[in-house]
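This report concerns only the one structure given below.
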Amino acid sequence: MSGGSRLERRFADRAGEGHRALILFIAAADPAVALTPALLHALVAGGADIIELGYPYCDPILDGPVIRQANRRSLDAGGTLDTALHAVAAFREDDDDTPIILMGYANPVLSRPVSLFEKMAVAGVDGLIIPDLPLREADMILPAIDSAGMSLVPLVPPTAFADEARLGDPGVGGFIYAIAQAGPTGGAAPTASGIEAAVARCRGLASLPVVVGFGIKTPDNAAMVARHADGVVVGSALVEFIQRLSMSGMSDHDLLSCVTVYVARFRQALDAMTAA
């Protein structure tokens, strides 16, 4: 199944059921390279609809402390863009349905030949989020992304958005990632008014699903977002939870079980909101 097909089907299925998409971010190789495929499956078992898998970078300047530290742990554990791709390929051996978006910084991608994007697609990647690469500066990679059947997901900030005209370009799509308030990842939870305004603005830009992330820490936060958006992204809170479990010394089996239970709380909150 192609990347575009997986994303389109997942959003269509959730909309048809009256539900919102639960989108989860974890850092590849955190806490260990070998554990990443099992973590991906644990997220799905808890109710994840789409997964953002972060590949590490040495200078994640747009992220808050939780994700910055996760990048460092990933690098220290031997994590790279290639180990992230290997994790996706291993995950795809048992799951060909759950969309996976690679998320990370431009340098590890732009420093490689454009054949990298075909390699990503073969591994089972559906798209990319590159926070430090505006669409207007992505001309050198968009044709290769489009040719590989993937999408570059646009990030729309709460302030002026200079790339509106590029939203229809081949290779751009999947969904719109709306940032409801300024600041790095893992900041304060967005306000209801900020969420509503961000989603409304994005719906006027393109006919793509709109998801909201940055600052979603609790199931209640997620339910508030789901009143307005097509999907909710939980990142820093999940990464921090996994780190606490890892530091506790528990077994991998118990860690994975705890992650599934944690994710299920967000799933239940979203489903309860849409059922109300």
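The values are calculated or read from the model by the stated rules, or taken from the named source; none is laboratory data. Since this is a predicted model, take the numbers as computed values, not measurements. Backbone-built Cβ (ideal geometry, glycine too); neighbour counts: all protein chains shown.
Quick notes on this structure:
- Scanning the range 154-190 for residues being surrounded by fewer than 23 Cβ atoms within 10 Å (Cβ to Cβ), under 28 Å from ASP220 (Cβ atoms) and at pLDDT 90 or above gives a total of 2.
- For the range 206-220, the candidate set comprises residues that are touching a strand residue (DSSP E or B) at 6+ places or on another chain (Cβ under 7 Å) and on the phi < 0 side of the Ramachandran plot; within that set, the residue that is surrounded by the most Cβ atoms within 10 Å (Cβ to Cβ) is VAL212.
- In the range 199-220, the residues that are at pLDDT below 95 and within 20 Å of ASP63 (Cα to Cα): GLY213, PHE214, GLY215, ILE216, LYS217
- Search result, residues across the range 21-45 that are in a loop (DSSP other than H, G, I, E, B), crowded, with 17+ Cβ neighbours inside 10 Å and more than 15 Å from the chain's Cα centre (by Cα): ALA29, ASP30, PRO31, VAL33, LEU35
- Any hit, the range 3-13, residues being assigned to a loop (DSSP other than H, G, I, E, B) and either farther than 18 Å from LEU155 by Cα or touching a helix residue (DSSP H, G or I) at 6+ places or on another chain (Cβ under 8 Å) (or both): no
- Single residue of SER193, SER246 found to be small (Gly, Ala, Ser), modelled with pLDDT under 90, part of a helix (DSSP H, G or I) and over 17 Å from the mean Cα position of the chain (by Cα): SER193
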